[in-house]
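Below: one structure, written as structure tokens.
The values are calculated or read from the model by the stated rules, or taken from the named source; none is laboratory data. Everything quoted here is computed from the prediction, not taken from an experiment. All Cβ positions, even for glycine, are placed from backbone atoms using ideal geometry, and neighbour counts span all protein chains on display.
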Amino acid sequence: MIDISNINPAIIQKLRDLEAKYELTGQDLMSNLEGLQVANYLKYWDYIHLDTLLSLQNTRTDFADEKIFIIYHQITELYFQLILHEIQQIATRQHLTAQFFLDKMLRINRYFKNLAYSFDIMVDGMEFEQFRQFRMALLPASGFQSVQFRKIELCATDFIHLINKDYQTKLTDVTNTALAFKYVYWKQGATDENTGKETITLQHFLEKYEEEFVDLIDKYEKKNLWQCYLKLNEDESTAQLKEALREFDVLININWRLSHFRSAVRYLKTKGVALEATGGTNWQKYLPPRFQKIIFYPELWTLEEKEDWGRGWVTTQLGFGGG
Ligand code: HEM
């Protein structure tokens, strides 16, 4: 028998709080306490759905290193999910402050740093010959079709900065999102220059996601990260935030893209000859940041910095200096 006089008053207060909570939704405290009494303890493996998580690495071949390839892609997609989670909080925050924005940007940058630095797992971490063979079983799928990567881009900046450079000045009506979307920069990378025909990889991607992308552009027109930055009160201190946005621009549009490009060079280029990629792009011309020149926040960079965007690494390490 419990001696009531010995019960910690904090417990009694907690019971009162719980009773008030349940009353609000017409529930009864006693029934819920009974439920608690019979409920099983939570176990770590159930909480993180470990069995499900470890059942998702379904390789298409028996090459041992394909497992590394698939798991690293999955890890990257989980980081992308974390990044979108932070972006969404900034975009939907009532009374957004520079401090809240900054805290979230620092998280996003931390995630992207991890992604850029860990790319060695791809570049150095698989046997060349195995990669060469198992990649053929993955045709025509490509990381090019990463919907979360595309969403990060669309939520980060005004859509005009994601339009193919040749059309940025020619496109007269950017308010027609469906029309403007036809000129998103990455379509060019997956379209035959001579025939204008889209690769099958691009066709599949658009069939599945085009509508969602167009909706997202409209939804984020006034709340993408750049617009959120512009809306901050002038008296808010934004120097650190400005620096965090610049860092984000470099991390995603130079560092990550270069780390990724290094893996393409490592596996798809031998003795100066480039192999065809699974997504069928002209990847040597398309992937280097220096050629893509995707800059989310051109207003935060000097002319010279923009001119030199992504230049050093490509020219020195690969001899892709060119135009
Ligand atoms: C050995 C590893 C890898 C190689 C050789 C490689 C190769 C390529 C190539 C050649 C392309 C151009 C499209 C194509 O023709 O397929 C591409 C695009 C892309 N890949 Fe990878 N990739 C690798 C790993 C990854 C990983 C781990 C991710 C993470 C999700 C990823 C995400 C992407 C994205 C987002 C694009 C589009 C980039 C853009 O449009 O600028 N790739 N990849």
Fill in the blank from the handout: With criteria (1) over 25 Å from PHE144 (Cβ atoms); (2) modelled with pLDDT of 95 or more; (3) out of contact with any helix residue (DSSP H, G or I) (no Cβ under 8 Å at 6 or more places or on another chain), GLN74 comes up short on (1)
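Here's the yes/no breakdown for (1) within 19 Å of the chain's Cα centre (by Cα); (2) among the acidic types (Asp, Glu); (3) outside any helix (DSSP H, G or I):
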position	(1), (2), (3)
ILE217	yes, no, no
GLU221	yes, yes, yes
TYR229	no, no, no
GLN240	no, no, no
GLU243	no, yes, no
PHE248	yes, no, no
ASN253	yes, no, no
SER259	yes, no, no
Exercise for the section: Report the residue count in the range 286-309 for those that are without any contact (Cβ under 8 Å) to a residue 40 or more places away in the chain, assigned to a helix (DSSP H, G or I) and under 30 Å from THR270 (Cβ atoms). Expected result: 3
Practice task
Please state which of the following conditions HIS85 fails to meet, knowing it meets all the rest: (1) away from the ligand (no atom under 16 Å from the Cβ); (2) more than 30 Å from LEU102 (Cβ to Cβ); (3) within 38 Å of the chain's Cα centre (by Cα); (4) of a type outside the set (Lys, Arg).
Solution key: (2)
Exercise for the section: Name the residue, out of ASP65, ASP120, that is charged (D, E, K, R), surrounded by 15 or more Cβ atoms within 10 Å (Cβ to Cβ), under 30 Å from MET136 (Cβ atoms) and out of contact with any Cys (no Cβ under 9 Å at 6 or more places or on another chain). Expected result: ASP65
Completion exercise
Condition set of a type outside the set (A, V, I, L, M, F, W, C) and more than 22 Å from TRP226 (Cβ to Cβ), scope the range 88-128, selection farthest from the chain's Cα centre (by Cα): answer is GLU127
Exercise for the section: Might you let me know whether the range 19-40 holds any residue that is exposed (fewer than 14 other Cβ atoms within 10 Å of the Cβ), within 16 Å of the ligand (Cβ to nearest atom), over 30 Å from LEU241 (Cα atoms) and of a type outside the set (Lys, Arg)? Expected result: no
Practice task
Among what's in the range 123-132 and is surrounded by fewer than 14 Cβ atoms within 10 Å (Cβ to Cβ) and in a helix (DSSP H, G or I), pick the residue that is farthest from the ligand (Cβ to nearest atom).
Solution key: GLU129
Exercise for the section: Go through LEU232, LEU245, LEU258, LEU206 for me and flag whichever is touching a helix residue (DSSP H, G or I) at 6+ places or on another chain (Cβ under 9 Å), among the aliphatic types (A, V, I, L, M), modelled with pLDDT of 90 or more and more than 30 Å from GLU307 (Cβ to Cβ). Expected result: LEU206
